[in-house]
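Read through the structure below, which is laid out as structure tokens, and then see the notes.
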Amino acid sequence: MMVFLFSTAMAAGWGGLRDTAGTVDQGDVVVRLPVGTSAVGLTDRTELQVQPFDLYIWGPRVGIEQVVVDDGPWTLSVRPSVATSGGIWSTRAEALVAWTGDHHRFGGTVAGDGRWMRQTILGDDKTHAWSLQRVDVPLVATWDWMPGGPEGDGMLRSRVRAVLYDEGDTLDFYTVTESWTHRLGKRDRFFLETGVSMLVGQPSEHVFLGDYAYFLVMPYPRIDVWWQF
């Protein structure tokens, strides 16, 4: 349950922050461990993203994030992506929105994810058929409190992830996170996020092995580190 992410980027801002609309600058690069998302800024509004190992599907994922609105405090981006592993494909579309003030940032992400299975049918002729294996619609809401403003070195984040739809179930579990992120250095910057997360609800067997007949309340630590220069 503990996640470690390490990234290297050419920018010195908060471009590597997760769950926030926006992209890194053109030419900037973010490199993470295989379970994280690496990225390169194709333009100031377009980012190519590669995740060598997506735990959701146990395979690689490739996507593009495109900023479509950058108007004052408001930022809106879209992020389509595709992943594959062992004949299973995942197609995902995400929309991210953020509002940034002097000391606060509010963000939201909604996604639609379909997982498809390609099956081979043997008969007089060999045929291939696609079937929809799973559909889920997660929603993420974040609130960042930045005591020193967007250019400051510290940020308190509150994050809630809810599953709006998962195999016919609605709002069956939530993930709540409270964490503090600190940025060290003025040019070469090291980011450290520490906090605690809590899973609340009854996740399906696609989240954990087996069906959960009981309501779970399970806390676990949250650690995220990355380095940008």
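Points to keep in mind about this one:
- Among the conditions (1) within 16 Å of Thr37 (Cα to Cα); (2) among the hydrophobic types (A, V, I, L, M, F, W, C); (3) surrounded by fewer than 17 Cβ atoms within 10 Å (Cβ to Cβ), the only one that Val110 does not satisfy is (1).
- Selection status of Leu184, more than 19 Å from the chain's Cα centre (by Cα) and surrounded by fewer than 16 Cβ atoms within 10 Å (Cβ to Cβ): yes
- In the stretch 38-79, the residues that are closer than 22 Å to Phe106 by Cα and either among the acidic types (Asp, Glu) or under 14 Å from the mean Cα position of the chain (by Cα) (or both): Asp44, Glu47, Glu65, Asp70, Asp71, Ser77, Val78, Arg79
- Residue count for the stretch 18-44 under the criterion of being surrounded by fewer than 19 Cβ atoms within 10 Å (Cβ to Cβ) and of a type in the set (S, T, N, Q): the result is 3.
- Which numbered condition Leu5 misses (of (1) modelled with pLDDT under 80; (2) more than 20 Å from Asp144 (Cβ to Cβ)): (2)
- Number of positions in the stretch 79-103 that are over 30 Å from Gly154 (Cβ atoms), without any contact (Cβ under 8 Å) to a residue 40 or more places away in the chain and aliphatic (A, V, I, L, M): 3
- Any hit, the stretch 40-49, residues being in a strand (DSSP E or B), in contact with a Lys or Arg (Cβ under 7 Å, 6 or more places away or on another chain) and modelled with pLDDT of 90 or more: no
- For the stretch 170-218, filtered to residues that are among the hydroxyl-bearing types (Ser, Thr, Tyr) and out of contact with any Pro (no Cβ under 9 Å at 6 or more places or on another chain), the residue that is modelled with the lowest pLDDT is Ser204.
- Contacts under 9 angstrom Cβ, first residue in the stretch 31-55 being touching a residue at least 60 places away in the same chain (Cβ under 8 Å), partner of a type in the set (S, T, N, Q) and not in a loop (DSSP other than H, G, I, E, B), 6 or more apart: Arg32/Thr8; Arg32/Ser38; Arg32/Gln51
- Within the stretch 12-39, being outside any loop (DSSP other than H, G, I, E, B) and farther than 21 Å from Val78 by Cβ holds for Val29, Val31.
- Residues within the stretch 60-83 that are under 20 Å from Leu132 (Cβ atoms) and surrounded by fewer than 18 Cβ atoms within 10 Å (Cβ to Cβ), tallied: 2
- Some residue of the stretch 59-72 being part of a loop (DSSP other than H, G, I, E, B) and of a type in the set (D, E, K, R): no
- Sole exception among (1) in a loop (DSSP other than H, G, I, E, B); (2) modelled with pLDDT under 90; (3) touching a His at 6+ places or on another chain (Cβ under 9 Å) for Arg118, by number: (1)
- Test: Gln133 is of a type in the set (S, T, N, Q), exposed (fewer than 15 other Cβ atoms within 10 Å of the Cβ) and either assigned to a strand (DSSP E or B) or in contact with a helix residue (DSSP H, G or I) (Cβ under 6 Å, 6 or more places away or on another chain) (or both): yes
The values are calculated or read from the model by the stated rules, or taken from the named source; none is laboratory data. Since the model is a prediction, treat every value here as computed from it, not as a measurement. For neighbour counting, all protein chains shown are included, and Cβ atoms are generated from backbone atoms with ideal geometry for every residue, glycine included.
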